[in-house]
1. So for the pair Leu73, Ser105, with labels modelled 7 Å out along Cα→Cβ, what separation do we get in nm?
2. Percentage of Cα-Cα pair distances in the range 66-143 greater than 15 Å, rounded to whole percent?
3. Tell me, what is the percent relative contact order of the range 74-128, built from C-alpha pairs under 8 Å that lie six or more residues apart?
4. Students often forget the sequence filter, so: which aspartates and glutamates lie under 16 Å Cα-Cα from Lys94 once same-chain residues fewer than 8 apart are removed?
5. Calculate, in nm to one decimal, what Asp97 and Asp82 gain on full extension: separation in residues at 0.36 nm each, minus their alpha carbon distance.
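Please treat every number below as a calculation from the coordinates, not as lab data. Treat the numbers as computed from the prediction; the structure is a model and nothing was measured. In this analysis, Cβ positions are derived from the backbone assuming ideal geometry, glycine residues included, and neighbour counts consider all displayed protein chains.
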Amino acid sequence: MNKTVRFPVICLFLFLILGGCHRTVNESDTPLQGRELWQARNIYSYQFDFSWICFCGSPFIDNVRVFVKNNSLDSLYNITLDRPVDRAYYSNYKTIDELFTFIDSSKALEPAWFRETYDSQWGYPNKVFFDYQSGIADEELGFEILSFTSYPENE
């Protein structure tokens, strides 16, 4: 495995194993309403600009345009590097529905602290951040959706 693939894999591995038994502090902006709004919109084809928030290197933290067609990842474009994302990195990116699953899985790890905000028009999570263990540096992980466009076939 080359270094550019290994680093994101290590980051994800650390994220998965560093769940703690700490009291969770939730700073949320209507997570259920966000998810319900997203589901009610019945959006299945869209694009969004996305960035992981972590102490990881490129290409993991680059801004990436995610293209979703029929609720499946269709293609990825690295905005930061101005080129398509190599298929070897596709597993590092998710559809909006998969991001909701990521949020649920991360909450199940009982993080020390988390913050989540949702778009008031569409309901997707626009900024989410988890600190899995207080007092430990660099195990935090989150993401941000910088822009979102629904395709006309959803209407």
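1. Result for the modelled spin labels: 1.1 nm.
2. When all Cα pairs of the range 66-143 are counted, 64 percent exceed 15 Å.
3. Over the range 74-128, the number comes to 22 percent.
4. List returned: Asp49, Asp62, Asp74, Asp86, Asp104, Glu144.
5. 2.8 nm
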